[in-house]
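Down below is the structure, laid out as structure tokens.
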Amino acid sequence: MLITVDPGARASLADQVASQVRIAIARGDLAAGERLPSARELAASIDVNMHTVLRAYARLQEDGLIDLRRGRGATVLRSGNASSDRLRSLVVELRDQAESLGVPLDELFTMLKGAR
């Protein structure tokens, strides 16, 4: 799994990591039961603080995409092969991107209603 971050981007580093993992799950690049790199390993590979990766993993756990256990690491809970899982991941990604750009949710909903 290749993850890259852009320190100059508007989105936080943790949001960037979480978004890329979400996308990998949605595409099916990461399957249910697959283990993610440890926070320490991933942080070293992308040159960020380990707590940044832990924040990203915590967000993914809150979204029900991964199981995060101390001493056992992070494991993907859902496969991205199902269309509903893919759509959910994309919606979460869109919400995160809107938040990082400062777009209020009500404005995002208006934009979605107008998109055809």
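The values are calculated or read from the model by the stated rules, or taken from the named source; none is laboratory data. It should be emphasised that the depicted structure is a prediction, and the values quoted were computed from it without experimental measurement. Please note: Cβ atoms are built from the backbone with ideal geometry, for glycine as well, and neighbour counts cover all protein chains shown. SASA here: full protein model, heavy atoms, side chains in, ligands and nucleic acids out. Shrake-Rupley method; radii C 1.70, N 1.55, O 1.52, S 1.80 Å.
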* Structure fact -> Here the residues within segment 10-30 that are modelled with pLDDT under 90, open to solvent by 40 Å² or more (accessible area, probe 1.4 Å) and assigned to a loop (DSSP other than H, G, I, E, B) are 10, 29
* **Residue list for segment 101-116, filter: more than 18 Å from residue 11 (Cα to Cα) and either open to solvent by less than 90 Å² (accessible area, probe 1.4 Å) or not in a loop (DSSP other than H, G, I, E, B) (or both)** => 106, 107, 109, 110, 111, 112, 113, 114, 115
* Name the residues in segment 7-29 that are more than 12 Å from the chain's Cα centre (by Cα), under 18 Å from residue 64 (Cα atoms) and of a type outside the set (Lys, Arg), would you? -> 28, 29
* Assess whether residue 99 counts as being modelled with pLDDT of 90 or more, out of contact with any helix residue (DSSP H, G or I) (no Cβ under 7 Å at 6 or more places or on another chain) and of a type outside the set (Lys, Arg). => no
